[in-house]
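I have placed the structure first, in the form of structure tokens, so that the comments after it can refer back to it.
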Amino acid sequence: MATAKAYGALSADAKLAPFTFERREPTADDVVIEIKYCGVCHSDIHQARNEWGNSRFPMVPGHEIAGIVTAVGANVTKFKVGDRVGVGCFVHSCTQCATRDVDLEQYLPGLVQTYNDVEADGVTPTYGGYSDHIVVREGYVLSIPDNLPLDRAAPLLCAGITLYSPLRHWNAGPGKKVAILGMGGLGHMGVKLAHAMGADVTVLSQSLSKEADGRRFGADHYYATADADTFTKLANSFDLIVCTVSSEIDWNAYLGLLKIDGTMVIVGVPENAIPVHAFALVPARRSLAGSMIGSIKETQEMLDFCGQHDITAEIETIDIKDINDAYERVIKSDVRYRFVIDMESLF
């Protein structure tokens, strides 16, 4: 076993601080990765503060991991030392159950999260990317295209796939009108991806303060949702709305922006139950749906797509010692658009 340097939380009310732990011994099927960069996801904050009620401590957050392979097991065939790789939100899944589907593994039993979980042995804790290295089974390691800088590619491992999956599933592309609700760490990726897919892209944001950015990322239209006229102008307009916000909104008003057979997909999880009136859905055969990350297969597809279209996240790079301040800024939406930790700052 090798000692890992990290930043971790010892309890829900503790600030993240230097922490060391023992990574598991690599097996013949494992890849050892030196972590160069790790993105900061809002879910890291929820987990570190036990806001979802399922946290395990001590905890090392981080599931937007980009780094370099430093060792491979004897059975590994896809990777070699020196490869540029990533690790996303999970590091194992059920490989035995009859219901296994590699296209939908993120929705099936047996998923092992990159952190705040236990390995497939049911005992060994999983610790995430706010650390110097990680040991991962070959089948859960992803290739990062050579033209994508590792720091800007790291958020693709969660924010990128979280938007790519619903856009692909609901067929965003030429002839489709797609709205991205929210222009934050998730939303800005949705704009870039939907534009690259050929859709007509609209940003729905509380104000017009980020309009220049939105248009630079590929938005064809940009509307302020604080303006009540927006909902009149855009009624019955969209084939697809992807909702990236987790704050309280008027769900019925947004559903009214969908065309007949349009779908609104939730990827940002609100704290409270969603109040939806049947008449927001029934008269136009509209749908309200949800989506969660993507399979390993789809995540690699997303990375390859981003490589082909030169798509990366807009980031602010920080030292690990600034992680607690970064958490507070994420809560205030004071980042354009994703924090990424330079893990060299651990040393």
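Assorted remarks:
- Tail weight of P(r) past 19 Å, computed on alpha-carbon pairs of the stretch 194-347, percent: 65
- If a spin label sat at a point 7 angstrom from the Cα of LYS259 along the line to its beta carbon, the backbone N atoms of the stretch 159-193 nearer than 16 Å would be those of 170-180.
- Length added when fully stretched, SER207-LYS321, from 0.36 nm per residue minus Cα-Cα: 37.8 nm
- The share of Cα pairs per 20 Å bin across the chain, counted from zero up to the longest distance, runs 31, 57, 12, 0 percent.
- Counting only the Cα atoms, the stretch 190-245 fills a convex hull of 79 Å³ per residue.
- Each part reduced to its alpha carbon centroid, the stretch 235-307 and the stretch 158-219 end up 12 Å apart.
- Inter-probe distance in nm under a simple model that places probes 7 Å from Cα toward Cβ, at TYR107 and ASN236: 3.1
- Extension gain for the segment GLU248 to ALA289, taken as residue separation times 0.36 nm less the Cα-Cα distance, is 13.1 nm to one decimal.
- Residue-averaged [θ]222 nm for the chain, counting only DSSP H segments that reach four residues, each worth -39500 (n - 2.57): -5500 deg cm²/dmol
- By the rule of a C-alpha distance below 15 Å, with chain neighbours fewer than 8 residues away ignored, the aspartates and glutamates paired with LYS15 are ASP44, GLU51, ASP322, ASP325, GLU328.
- Calculated over the stretch 244-330: convex hull of Cα atoms, volume per residue (Å³): 166
Bear in mind these aren't lab numbers, they're just calculated from the coordinates by the rules spelled out. Since the structure is predicted, the reported quantities are computational estimates derived from the model, not experimental observations. A quick note on method: Cβ atoms are made from the backbone with ideal geometry, for glycine too, and the neighbour counts reach across all protein chains shown.
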